[in-house]
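Notes follow the structure.
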Amino acid sequence: MSMTLAEKILARAAGRPSVATGEIVTAKVDLAMMHDSGGPRRIAPLLERLGAKPWDPRRIVLITDHYVPAFDPESAAILDITRKWVRAHGIENFYDMQGICHVVLPERGHLRPGLFAVGGDSHSPTGGAWGCFMFGIGATEMAGVVITGEIWVKVPHTHLVRWSGRLGRGLSAKDMMLKLCHDIRLGTVKYGVVQYAGPAIEALPMSERMVLTNMSAELGAQTGIIAPDQTTVAALKAAGVDTSDALGWQGDADARYEKVWEFDAGALAPQVAAPHTPENSGPATDHASVRVDQCYIGACTGAKLSDLHMAAEILRGRKVARTTRLLVAPASTHITAQAAADGTLAVLTEAGAILQASGCGACAGYGAGVLAEKEVCLSSTARNFKGRMGAMSSLVYLGSPYTVAASAVTGHITDPREFLNARAAA
């Protein structure tokens with residue numbers, strides 16, 4: 001029986017030779033990831049009520065990223081609950097204030113192709129960039145997983161999104177994803193899997209592939225996934241992960257897909273999503289008249305090392321507009337260290353960027369960087385829902401780090417190619 005990559009991973013987790021779309025199976029969980037917001041403070045009372053303990057502390061990864069650094073007594077109390085629960089249950093894979101969970105997880109070598117994993121966060125599909133079947137669940141389901149190590153799953157259908165061509169200068173995976181949000185529409189891939197393939201995908205580094213699988217959630221998908229290749233293997237080796245069977249996780253050539261979508265990366269222009277949904281995407285030039293109060297480079301989709309490099313390419317030798325503030329929150333402390341070592345942070349701060357701590361921060365409306373009433377922000381984050389980054393009347397636009405940096409210089413939404421082409425011609 002021919003199967004997609006997602007179906008093969010589910011079959012292995014369910015202990016079956018094969019599975020078919022629509023079946024309900026019970027799967028053994030290889031890894032459960034939680035963070036401070038939806039982790040111990042939510043599941044600890046449930047476990048206590050049941051008199052239960054974690055089924056296998058070695059398979060639990062816990063990361064503090066939402067309430068860090070603590071910004072009021074309530075956030076400090078949430079972090080205290082998290083740390084005490086970790087000590088009480090012997091959770092060794094605990095990363096406290098080390099960065100955003102979706103970035104720290106692969107950084108520390110916890111992901112590998114073929115893994116069946118769950119996360120207590122809606123952007124857990126990020127793990128699919130590494131050839132995993134990983135999806136987000138709520139606190140009640142997570143409590144069940146933590147106790148039993150199992151979860152039932154309805155085998156999802158798979159949409160194949162194939163990108164031909166190659167991205168032009170000043171374009172990134174965020175532009176690709178915003179294009180998909182507009183053309184495929186949010187909710188189209190309901191409870192399905194989005195598998196990304198094609199020459200443009202193969203050319204992307206892992207940090208960019210993570211943007212696509214992460215934002216599969218915006219299409220309504222249960223998860224996103226990319227079949228492992230040599231780029232995956234190299235990244236796994238760098239993280240200290242055994243790669244002996246990595247390339248073996250591939251879908252069958254004659255696997256059936258719910259739908260096949262075709263896109264051309266070479267024809268893509270920088271994209272911007274207008275409030276209040278990523279679906280409101282179109283060319284950045286359509287929004288050239290929009291002035292911005294704040295530009296934000298942060299979150300799991302927009303502040304990896306490659307993202308900071310994109311911003312630095314624009315900002316080198318330039319200054320942030322006096323009418324605009326640029327906030328930069330690297331996605332992990334490891335990335336901060338790398339960006340400091342290679343001079344990227346110096347370029348950003350010399351241009352006028354304000355450096356913030358690693359964590360979810362303003363993306364999720366926590367801590368520093370939230371927006372006041374009617375303020376306009378251009379952000380490299382994944383979502384621009386009403387009120388997500390602060391006041392309900394604030395307006396959040398989404399763009400790539402290239403576009404955010406260029407707009408920080410001009411004070412209004414700007415196609416980054418204007419700066420890149422000018423520099424190339426100089």
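Some observations on this one:
- Where the stretch 203-296 is the region considered: accessible area per residue in Å², 1.4 Å probe: 40 Å²
- Radius of gyration, Dmax [the stretch 323-426; alpha carbons; angstrom]: 14.3, 43
- Label separation (E202 vs M392): 5.1 nm, computed from points 7 Å beyond Cα along the C-beta direction.
- Sorted from longest to shortest, the spans of the Cα atoms of the chain along the three principal axes equal 60, 54, 39 Å.
- With respect to the chain, whose longest principal axis is taken over its alpha-carbon atoms, helix 305-315 is tilted by about 10°.
- Measuring r between the beta carbons of A253 and A337 and using R0 = 56 Å, the FRET efficiency lands at 0.85.
- Pairwise Lys count, the chain - Cα closer than 23 Å, eight or more residues apart or different chains: 22
- Mean sequence separation of contacting Cα pairs (under 8 Å, at least six apart), scaled by the length of the stretch 58-131, corresponds to a relative contact order of 34 percent.
- The 3J(HN,Hα) values that the Karplus relation (6.51, -1.76, 1.60; θ = phi - 60°) gives for the stretch 361-377 are, in residue order, x, 5, 3, 9, x, 10, x, 6, x, 6, 9, 7, 4, 6, 6, 10, 10 Hz. Gly and Pro appear as x.
- Put the Cα centre of the stretch 254-295 next to the Cα centre of the stretch 23-54 and the gap is 36 Å.
- Carbon plus sulfur fraction of accessible area for the chain, probe 1.4 Å, in percent: 52 percent
- Measuring nothing but how far apart in sequence close Cα pairs (under 8 Å, 6+ apart) lie, relative to its length, the chain scores a relative contact order of 17 percent.
- Centre-to-centre, using Cα atoms only, the stretch 201-225 and the stretch 335-398 are separated by 21 Å.
- Potential lengthening of the chain between K319 and A422 amounts to 35.5 nm, from the contour at 0.36 nm per residue minus the alpha-carbon distance.
- Computed from Cα positions, the angle between helix 73-89 and the longest principal axis of the chain comes to roughly 30 degrees.
- Rh (Kirkwood; distinct C-alpha pairs) - the stretch 53-199, Å: 17.6 Å
- Counting only DSSP H runs of at least 4 residues, each contributing -39500 (n - 2.57), and dividing by the residue count of the chain, the helix-based mean residue ellipticity at 222 nm comes to -9500 deg cm²/dmol.
- A full extension of the chain between D245 and R58 corresponds to an added length of 65.2 nm, given 0.36 nm per residue minus the alpha carbon distance.
- Calculated from backbone phi, Karplus (6.51, -1.76, 1.60) coupling profile of the stretch 402-415 in Hz, x at Gly/Pro: 4, 5, 4, 5, 4, 6, 5, 6, 8, x, 9, 4, 9, 5
- Working from label points 7 Å from Cα in the Cα-to-Cβ sense, the E350 to A368 distance is 2.2 nm.
- Ligands, DNA and RNA are left out, and with a 1.4 angstrom probe the accessible area of the stretch 21-86 is 46 Å² per residue.
The values are calculated or read from the model by the stated rules, or taken from the named source; none is laboratory data. This is a predicted model, so every value here is computed, not measured. With ideal geometry, Cβ positions are generated from the backbone for all residues, glycine too; neighbour counts draw on all protein chains shown. Keep in mind that these areas ignore ligands, DNA and RNA; they rest on the heavy atoms of the full protein, side chains included. Shrake-Rupley method; radii C 1.70, N 1.55, O 1.52, S 1.80 Å.
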